[in-house]
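Trainee: My questions will all concern the structure given below.
The values are calculated or read from the model by the stated rules, or taken from the named source; none is laboratory data. Please read these numbers as outputs of a predicted model, since none were measured by experiment. As a convention, Cβ positions derive from the backbone with ideal geometry for all residues, glycine included, and neighbour counts pool all protein chains shown. Ligands, DNA and RNA are stripped out before the accessible areas are found, and what is left, the full protein with its side chains, is counted by its heavy atoms. Shrake-Rupley method; radii C 1.70, N 1.55, O 1.52, S 1.80 Å.
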Amino acid sequence: ITDFRQVSGIVDLASVERNTRATPACFVIPESESAEANKHDGGYITQRRTNIIATVVAVRNGRHAGGADGHSELETIRNQVIAKLVGWKPTDADTMVQFKSGRRLLFNNTTLWWVDQWRCHDYISRG
């Protein structure tokens, strides 16, 4: 996506605001993992793992104090991210990336931040 002026990984949602240096920006955050119970006995382990990542998009609010200027750019940028991620299959994944949820993260006089969560699955195995 060529419209971003800043793209980077960060460790948590709390650090997004202080790390936004240019807009539009996109941050990628590995958010959580969970695994199903092992389905085998006798030392053989296979667990299906769910990986949740977040993308945070930051856009300038512009002149309107209520954020209306930022919503148009936000939708344009989010649609570009959605188009790239939905259906993409990471190398080690068992499934393609799926949209999980989205919400407004932060809003101030100059910037609007939106976070989307994505999920995909892989397997952990040993034995």
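Conditions (1) buried (at least 16 other Cβ atoms within 10 Å of the Cβ); (2) within 12 Å of the chain's Cα centre (by Cα), marked per residue:
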residue	(1), (2)
PRO24	yes, no
GLU36	no, no
THR76	no, no
THR111	yes, no
CYS120	yes, yes
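Trainee: Give me the pairs, please: first residue somewhere in region 100-127 and under 15 Å from THR23 (Cβ atoms), second residue anywhere and surrounded by fewer than 15 Cβ atoms within 10 Å (Cβ to Cβ) and hydroxyl-bearing (Ser, Thr, Tyr), beta-carbon distance under 6 Å, and either six or more positions apart or on two chains.
Mentor: Pairs found: none.
Trainee: Which of (1) out of contact with any Lys or Arg (no Cβ under 6 Å at 6 or more places or on another chain); (2) open to solvent by less than 30 Å² (accessible area, probe 1.4 Å); (3) without any contact (Cβ under 8 Å) to a residue 24 or more places away in the chain does ASN61 not meet, given it meets every other one?
Mentor: (3)
Trainee: Can I ask one more? Which residues, taken from region 1-50, are of a type in the set (D, E, K, R) and outside any helix (DSSP H, G or I)?
Mentor: Across region 1-50, the qualifying residues are ASP3, ARG5, ASP12, ARG21, GLU31, GLU33, GLU36, LYS39, ASP41, ARG48, ARG49.
Trainee: Here is a follow-up. Could you list, in sequence order, all residues of region 13-22 that are touching a residue at least 12 places away in the same chain (Cβ under 8 Å) and open to solvent by less than 70 Å² (accessible area, probe 1.4 Å)?
Mentor: Across region 13-22, the qualifying residues are LEU13, VAL16, THR20, ALA22.
Trainee: Taking only region 68-95 into account, find how many residues are outside any helix (DSSP H, G or I) and either among the β-branched types (Val, Ile, Thr) or in contact with a helix residue (DSSP H, G or I) (Cβ under 9 Å, 6 or more places away or on another chain) (or both).
Mentor: Adding up the residues that qualify gives 3.
Trainee: Also, quick follow-up: Evaluate the following for GLY42: is it open to solvent by 70 Å² or more (accessible area, probe 1.4 Å) and at positive phi?
Mentor: Yes.
Trainee: Look through region 82-102, keep the residues that are touching a strand residue (DSSP E or B) at 6+ places or on another chain (Cβ under 6 Å) and charged (D, E, K, R), and return whichever of them is surrounded by the fewest Cβ atoms within 10 Å (Cβ to Cβ).
Mentor: Taking the candidates together, the pick is ASP92.
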